[in-house]
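Just so it is clear, none of the values below were taken in a lab; they were calculated from the coordinates. Here the structure is a predicted model, which means the values were calculated and not measured. Cβ: placed from backbone, ideal geometry, glycine included. Neighbour counts: every protein chain shown.
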């Protein structure tokens, strides 16, 4: 049997590293070809990587939350070739290899979660809640955290081996030291309760709270990626936001007219496809808004393609699937794309390819869009369009106050690249298309 | 087997090797007719005569320098410095010549000799007859440093030292010259250099000691045992090259280590031992490594028994380390 190292493949354009989200196999597991082995979150999406060959997992490298570079080893396999699957091979080499990996070890892990409740002080239900008890409860509870825990090297080693975060272990040793017993006790305890409500609910709040005063939740995966991207954008781009009204009367009427034929074609037509189309059309007239700055070469890159990212709220967090070549698609095509992307995003199975390559982003702020907003640019793009809810408002028309269909647009620009007048021109271009949507018929290139 | 003390065992080793190897010569102050101030060389002059047992003037630099010259011309000298405290006039010869010649000459002129000298206090010798300068020589690359704790090892280590290709400093703990007694084989045997001995196995704390202080460590361990603390005791025997594998194996087992030595604490060999333990067994440590040593003062005469790291000073450190 041969050992074989499986490396993180180059999963897509420009992806250089990924964060391990979950291991789906453990050492000792026998895996089939194409069996899912690991979930890795890249800049763009979470991908499930499957085993390219069948074999026995000898080693998994990297813990959940760890960043791994493309081409670094993720898994070591003992490859199984046909005829070798059953029974120990007689050669010394093979038997040595078998000894190398311990039997599957999920037994202890499972029992470890069973016998805990009595062992954790301060978590019981009895309400003997006097002041003194509370201190103990807070200290020993699941929410304990100490940035600089005291422990001997041997205890630190044990914690490392048991994958226990020493900072979370409530100490019982002399001088506030975490002992080996503390570490072992901690690893037997259940995971921190995720119920936010219970600890502070109702009458409990009126009396002394029994639960931890703070709760710590791992900041990993998608959330961390979003955080990094947002911070990078605000740190790098010089944001300025431009807000203007748009008369949506004509747009509303057009959409009403087209709804029936769209439905006949199997598409639910919202306003968004019109806005995406108008944006693509406006970008063609204002190519500066479709650029990106390559700081490594000091070049402004004018993109001759118009891929519009659509910001979508999903359970996992913000995602931006991309409508490719929006300039060359009809409103109906765009509507179809958005429908598909939105369904995929909700189901958590957007393809990596659908998340890459946007040149400009539209964020439809929806029913709770507010009056105005200051959207953060989807870096390294140079602008973003925020669309607010369409509302009926009194407007002045020909000296009369009438009921108008008003929609507000909030655009943020990277002032390093986009001057105020250019940004404003672009904004008014979009507004022109939306107020006179018939013009979009001429934008089918 | 014969019951011997350290003096007799070392004497037996010298006699054995001088009979076996005609190149071996002894020189030093009063080593001839008198047989040495501690009587270690007693009877050698009678048996081997003036040519092989040489009384020298009171000149340590001269003794070592002459011995180096003899060695370069093919003899195998075993010079004696009467007290280690007197070795400093010879320090330049030892550091600049003895330790370097084998390297300098690419092994062609090794200047092979074994420099014997009594060390340590506890004999009412005062500050010029009580020092333990081992780390001054361990720090000089090119030398091996040995310190036996019992007659059996003393003979075996001395024979191994004489037969080793490197120059060896052979420290003899004078406090136990006559107190340490034991069976010594009559014939030829060696105790290999670079190997420590685990003289007592235990689970809770590792004690590292050598020479006279080994017995203080044992006495302290006996007391600790009464308090339920089980000490493992390692006699280093060869200080350099140190048998770090044995030390680390013990510390890995117990998770706790205490070094005992007579020399002042600062920059003593204990510092090096603990550094090595930290490098090689850090993640096994259950308590901070500890040292019980002489103080950072010249060796005192009247306060001798306070200065030495005797059992009553070792015991509380064992307890504190075990219960850390």
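Between residue A:188 and residue B:253, the modelled label-to-label distance comes to 2.9 nm, taking each label 7 Å out from Cα in the direction of the beta carbon. Projected label points at residue A:162 and residue B:124, each 7 Å from Cα along the beta carbon direction, are separated by 5.8 nanometres. Between the range B:245-261 and the range A:397-425, the C-alpha centres lie 77 angstrom from each other. Projected label points at residue B:186 and residue A:441, each 7 Å from Cα along the beta carbon direction, are separated by 12.7 nanometres. Considering only B:299, B:170, B:38, the mean-square fluctuation computed in a Gaussian network model of chain B, springs between alpha carbons under 10 angstrom, is largest for B:38. Computed extension length for residue A:415-residue A:71: 120.1 nm, one decimal, from 0.36 nm per residue of separation with the Cα-Cα distance subtracted.
For the residues B:183, B:60, B:216, a GNM of chain B with alpha-carbon springs under 10 Å puts the largest fluctuation on B:183. For the range B:197-322, what is the percent of antiparallel DSSP beta bridges, rounded to the nearest 5? Looking only at bridges with both residues in the range B:197-322, the antiparallel portion is about 20 percent. Considering only beta bridges that DSSP places wholly inside the protein assembly as shown, some 60 percent are antiparallel.
Here the gap between residue B:305 and residue B:55, fully extended at 0.36 nm per residue and compared with their Cα-Cα distance, gives a gain of 86.6 nm. The range A:366-388 and the range B:18-53 have Cα centres lying 99 Å from one another.
For chain B, what does the helix formula give at 222 nm: sum of -39500 (n - 2.57) over DSSP H segments with n ≥ 4, over the residue count, nearest 500 deg cm²/dmol?
Working: 11 runs with 109 residues, N = 324.
Theoretical 222 nm ellipticity from helices: -10000 deg cm²/dmol.
Working ranking of peptides B:76-89, A:19-32, A:291-304 by packing, defined as the average number of other Cβ atoms within 10 Å per residue, highest first, is B:76-89, A:19-32, A:291-304. The P(r) of the range B:127-278 has a tail past 20 Å containing 48 percent of all C-alpha pairs.
Roughly how crowded by other chains is peptide A:147-159, in terms of the mean Cβ count from those chains within 10 Å of each of its Cβ atoms?
3
With q set to 0.11 Å⁻¹, the log10 of I(q)/I(0) for the protein assembly as shown, from the Debye formula over equal scatterers at the Cα positions, is -1.15.
Given q = 0.15, 0.19, 0.25 Å⁻¹, what are the Debye log10 I(q)/I(0) values for the range B:51-127, with equal point scatterers placed on the Cα positions and solvent ignored? Debye curve over Cα of the range B:51-127, log10 I(q)/I(0) at q = 0.15, 0.19, 0.25 Å⁻¹: -0.53, -0.79, -1.18.
Protection proxy ranking, highest mean first, for peptides A:232-238, B:92-98: B:92-98, A:232-238, where packing is the per-residue count of other beta-carbon atoms within 10 Å, averaged.
Across every direction, the projection of the convex hull enclosing the Cα atoms of chain B has a mean area of 15.7 nm².
Taking every Cα-Cα distance in the range B:2-184 and sorting them into 10 Å bins from zero, the calculated P(r) comes out as 10, 41, 39, 10, 0 percent.
Against the main long axis of the alpha-carbon atoms of chain B, helix B:269-281 sits at an angle near 60°.
Each peptide among A:364-373, A:322-331, A:58-67, B:254-263 gets the average number of other Cβ atoms lying within 10 Å of its residues, and from highest to lowest they stand as B:254-263, A:322-331, A:58-67, A:364-373.
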